[in-house]
Structure formats: C-alpha cells, structure tokens
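The values are calculated or read from the model by the stated rules, or taken from the named source; none is laboratory data. Since the model is a prediction, treat every value here as computed from it, not as a measurement. Positions of Cβ are generated from backbone atoms using ideal geometry, with glycine treated the same way; all protein chains shown enter the neighbour counts. With ligands, DNA and RNA removed, areas are computed over all heavy atoms of the protein, side chains included. Shrake-Rupley method; radii C 1.70, N 1.55, O 1.52, S 1.80 Å.
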Amino acid sequence: MDSYRLSMHGEEQRKANPPSMSMQAATETSIWDVYNNKTWLIDQELIKDWINSLNILLVFAAIFAAVLTAFIIESKKLLEEDPQNVLVSAVTAFMGQQANGTFRPFEKPTFVAPHYAVVTNGLFFAAICCSLVAAVASVVALQWIGEYDAGLVQALSAKDRALRRHFRYM
C-alpha cells in the first residue's frame, strides 16, 4: 500500500486514492469486493504505466517526425532538376546558334534523378509514415485505456465488476 502511494503523484494520487483500510474492511463483504479492491490497485498502477509509456512514444514520434521533415525538405531537392543548369543549357544553345547563324529549337536535356537520391527519399518517406502510424496507434491505445478504466467503474454489482475486469484483462 505504501509503495503504491509513493509511486503516485499530485492529481493522480487524489484521483486514484484507494479507500482507507478501515473502509475496505467495512465494504469487503464478499470475495468479489476483496478481488475488486486488490485488482483496482493493480489496474491503477498498470494504467499509469501504460499512459506514461504511450505519452513518451507520442513525444518521440513527434520529435522524430519534425527532424525527419527537415531532412525530407532538403533531400527532395535532389529529385528535381536544378533550374540553373537548365538556364545554362539554354544560354549555351542560344549562344551556339548565334555564333553559327542557325536556328534550331532549344531542347531541354532530360533529367534523371540519381539512384541514391530516389532510395534515400524513399527511406525518409517510409520512416515518416512509420512514425505517423506509431502516433495514431498510440492515440488509439490511449483511448482504449480510457475505456478500459471507465467501463470497470460503471458495472452494477461487485461480481459484474470482477467479471468485466477479468474479461478485459485477459
């Protein structure tokens, strides 16, 4: 009991403060009440750990996506043709035509992105997709945790609470 109280902080401790021992003895009239009181302590610790882990995952995914976005912005330039190279080619062709006295239409050289640039950008986009999938999965898991906790309190009898908790936990 003391280790449980030491692990809780601030508002969580007030919100999840278990009944005192004398109240527990008075309310534990059946085996279901004893089971519910013991599992309530376990569930509160478990839920707190789940929420902390998922919040850390969300922060990591957000920071990772932000840093990766900067890399994507810079590496995406490798997939596009440099406009200065096109301008140099056009001016060179124009000057060659002026010198020869011929008039051929300017044909822009075809641009092919380097293989390493395509692979690098593909990996960057795959990584940011994985980061976003992890963030969405974390949000869904946090919503499930809220439902897990709220649904146990809404049961009518001590036996119903115990059976619901057992069904959800297994």
Report task. Kindly provide the GluC sites (Glu not before Pro) of the stretch 76-111 that DSSP labels as loop, not H, G, I, E or B, and whose Cβ sees at most 10 other Cβ atoms within 10 Å. Result -> E80, E107
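So for Y169, Y35, what's the accessible-area order with a 1.4 Å probe, most first?
So the residues, ranked largest to smallest area, are Y169, Y35.
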Report task. Please name which of W40, C130, S53 has its Cα lying farthest along the dipole of the stretch 27-170 towards the positive end, using unit charges on Cβ (Lys, Arg +1; Asp, Glu -1) and the Cα centre as origin. Result -> C130
Query raised in the report: How big is the charge dipole of the stretch 35-170 about its Cα centre, in debye rounded to the nearest 20, if each Lys and Arg gets +1 on its Cβ and each Asp and Glu gets -1 on its Cβ?
Result: 440
Report task. Return the FRET efficiency for the residue pair F103, I73: r is the Cβ-Cβ distance, R0 is 45 Å, and the value is rounded to the nearest 0.05. Result -> 0.65
Query raised in the report: Q143 to V88: FRET efficiency via 1/(1 + (r/R0)^6), r the Cβ-Cβ distance, R0 41 Å, to the nearest 0.05?
Result: 0.15
Query raised in the report: Just how much of M95 is accessible, in Å², when a 1.4 Å probe is used and the result is rounded to the nearest 10?
Result: 110
Query - Selection from F94, A113, S75, by position along the positive dipole direction of the stretch 42-150 (Cβ) - result: F94
